[in-house]
C-alpha cells in the first residue's frame, strides 16, 4: 500500500531544509525526500568552487553561519558539510530517495513515485533548486566531435581537460571563474562574452554583497523586471576565490584571456562570433555604473561618506569574428541553467515560457497544494539565495499551515 504523508518536501538543499525547519516549527508532520545526500548539489561544482557571497550571508533559519571567518568564502565541501549538519539536526531527510514522478490525485493531493515505492501526500513542496539543468546553447551544436564540449557541471579542474587552448562560452560568475582558473594554470583561453554586469569586490571597506543587501537590489520582484526573460540574467561578475577578489573582463584580459563577441555558431572546427565585443563591454560597464549608483544611494540614505569609485579604464575591443578550433582541448559552456520540472511533474500548464513555475506566493495556480521554494526570482531576486530562501520557506510553511488548519 502507498505510504500516506501529510506533507512531502522534494529536495534537501538549502531550500528544502529551510522549508523543513519552518514546517517543524509549526508542528507540521512531513518528510524530505532527497535523491542523493543533503547538500550534494554543491559537490557537483568544480573543485575550486567557493561561495561568491561572504560566509556571513549564509542566513538559513536555524543554520546561520556561526564560524570564525564571517568575511571568508566557504568551499563547495564546506557548504555541503554545513547543509548535512543542518539536515542531521532536523531529522526529516530520507536520503537516496529520488522522486521520478509526481501527479495529482483525482480527489486532491498527490502521488509521488520513488524507486519502487509510491507515496501519497496532501501537500507537496518542490525544492529541487534553482540550478537543475545546465543550458547547452544551440550555437555549439555543430561543434566537431573531436573537440570535447563540457558544461559547467562537467568541468572539474584544468588538468581534467585535454591539452590545448580552451574556448569558454558565457559571461556570468561561473564562466569568469573558470576562465580565470584556466588562464592562471597556463592555458590559452578564448572567451565568448555576454552582457553580464560587473563591479569591484570591495569598495569603501565593504564587500559588494553588503552594499547590495543594504539597498533594494535583492528585494526586486519579478514584475519589476523589464521582461520575464530577465530572470535568466547573469549575476554580477565576482569571485570568492582566494579570499575574494575582483573578477571581470578587464582582469581576465590582463591574464591573457582573448575576449570575443558573443558566439553565433560553431560549424565543425570554425567558431563564429558577433562583431559586438564593444557593445558587450559597454553593457557590462552600464551594469557597473548601476551598482555604483546603488552604492551612492546607500551612502546618502545612511548618511555615510561616498567612497571613490573611478570610471572603468579603457579596454581594447578589437576581436576577430572567426576562430579555428582545430587543436583546442575543449569548449567549456557556462551559460546558465534551466528548470526540469516538466520532466517529472505531470501537471499541464505548470511552468511559463521561461520554465518558471506559474504561481501565486509560491503555490501553483494550476495545482493547488503544490508549492515551490528555492526558485530564482520566485518572490524576489533573493529567493534562491542562502540569505533569502529562508523568508520564502517561512512564507510557504505559513501558507501550508493555513491550508491544513494548523497554528501558523
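The values are calculated or read from the model by the stated rules, or taken from the named source; none is laboratory data. Computed from a predicted model, the values in this text were never measured in an experiment. Please note: Cβ atoms are built from the backbone with ideal geometry, for glycine as well, and neighbour counts cover all protein chains shown.
Taking first residues from segment 264-286 that are modelled with pLDDT of 95 or more and partners that are part of a helix (DSSP H, G or I) and buried (at least 16 other Cβ atoms within 10 Å of the Cβ), the Cβ contacts under 7 Å between residues at least 6 apart in sequence or on separate chains come to 264/139; 265/139; 266/139; 266/140; 281/249; 284/249.
Each row is one residue, and each column tells you yes or no for (1) under 17 Å from residue 342 (Cα atoms); (2) touching a helix residue (DSSP H, G or I) at 6+ places or on another chain (Cβ under 6 Å).
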{"site": "368", "(1), (2)": "yes, no"}
{"site": "372", "(1), (2)": "yes, no"}
{"site": "379", "(1), (2)": "no, yes"}
{"site": "382", "(1), (2)": "no, yes"}
{"site": "388", "(1), (2)": "no, no"}
{"site": "391", "(1), (2)": "no, no"}
{"site": "398", "(1), (2)": "no, no"}
{"site": "405", "(1), (2)": "no, no"}
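Given the condition buried (at least 17 other Cβ atoms within 10 Å of the Cβ) and in contact with a helix residue (DSSP H, G or I) (Cβ under 6 Å, 6 or more places away or on another chain), answer yes or no: does some residue in segment 337-349 qualify? Checked against the condition, which is being buried (at least 17 other Cβ atoms within 10 Å of the Cβ) and in contact with a helix residue (DSSP H, G or I) (Cβ under 6 Å, 6 or more places away or on another chain), segment 337-349 yields no hits at all. Take the conditions crowded, with 21+ Cβ neighbours inside 10 Å, over 19 Å from the mean Cα position of the chain (by Cα) and assigned to a loop (DSSP other than H, G, I, E, B) and apply them to residue 8. Does it pass? The answer is no for residue 8.
Based on this model, can you work out whether residue 169 counts as under 21 Å from the mean Cα position of the chain (by Cα) and buried (at least 16 other Cβ atoms within 10 Å of the Cβ)?
It is true that residue 169 is under 21 Å from the mean Cα position of the chain (by Cα) and buried (at least 16 other Cβ atoms within 10 Å of the Cβ).
Against the list (1) surrounded by fewer than 20 Cβ atoms within 10 Å (Cβ to Cβ); (2) part of a loop (DSSP other than H, G, I, E, B); (3) modelled with pLDDT of 95 or more, the condition residue 1 fails is (3).
Would you mind finding the one in 168, 147, 184 that is over 22 Å from residue 235 (Cβ atoms) and at pLDDT 95 or above?
Result: 147 is the single residue among 168, 147, 184 that is over 22 Å from residue 235 (Cβ atoms) and at pLDDT 95 or above.
Based on what the data block shows, is residue 355 part of a helix (DSSP H, G or I) and surrounded by 14 or more Cβ atoms within 10 Å (Cβ to Cβ)? Answer is no for this residue. Residue 232 satisfies every condition listed in (1) under 30 Å from residue 351 (Cβ atoms); (2) at pLDDT 95 or above; (3) surrounded by 16 or more Cβ atoms within 10 Å (Cβ to Cβ) except (2).
Annotation: of all residues in segment 11-40 being surrounded by fewer than 23 Cβ atoms within 10 Å (Cβ to Cβ) and under 26 Å from the mean Cα position of the chain (by Cα), the one that is nearest to residue 383 (Cα to Cα) is 21.
Which one of the conditions (1) on the phi > 0 side of the Ramachandran plot; (2) buried (at least 24 other Cβ atoms within 10 Å of the Cβ) does residue 204 fail to meet, given that it meets all the rest? Checking residue 204 against (1) on the phi > 0 side of the Ramachandran plot; (2) buried (at least 24 other Cβ atoms within 10 Å of the Cβ), the one that fails is (2).
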